[in-house]
Amino acid sequence: IDIATGVVTEIDSSTFTDLLAIATNGTYVWVSNMINYATSDFSVSQIDIATGAVTEIDSSTFNSDYYLAVRGGTLWVANSVGGPGGNGSLSEVNIATGAVTELDNSQFSNISGLSADANHVYVINYTGGTDDGGSLTVITP
């Protein structure tokens, strides 16, 4: 939706099965897509806002990618343990090169939220039914 004009443009979504998350930096939109839950087949795609061109990011390290956030030149992808084979992990994708780096994820077991601002990335780790309710990790890249 163009805020100034109110014009709505639909992007060809025929390549997507079940969209789960969205993030943008104003030039691109990224979406996570659940292709097949039973086999942990998930993907993350980059959509060029100007052209509508869709490019799939090498998502071989992703499974159950439920959360996306953008900070500067980095797309952050959080895998929740909720899907089959999910590992509660956080990865960085270099927007310019597409290179994927999985971070040290020893502090995450079930990521349930992800957000970013100009200086930090925020990760909620749900501990699952305990009275403490989880934790918030602030990452300063």
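Every read-out reported here was derived from the displayed coordinates using simple, explicitly stated rules and does not represent laboratory data. Since the structure is predicted, the reported quantities are computational estimates derived from the model, not experimental observations. Using ideal geometry, Cβ is built from the backbone for each residue, glycine included, and neighbour counts are taken over all protein chains shown.
Observations, loosely collected:
- Nitroxide proxy distance, nm - points 7 Å out along Cα→Cβ at T140 and D2: 4.1 nm
- Taking Lys and Arg as +1 and Asp and Glu as -1, the other residues whose beta-carbon sits under 13 Å from that of R71 total -2.
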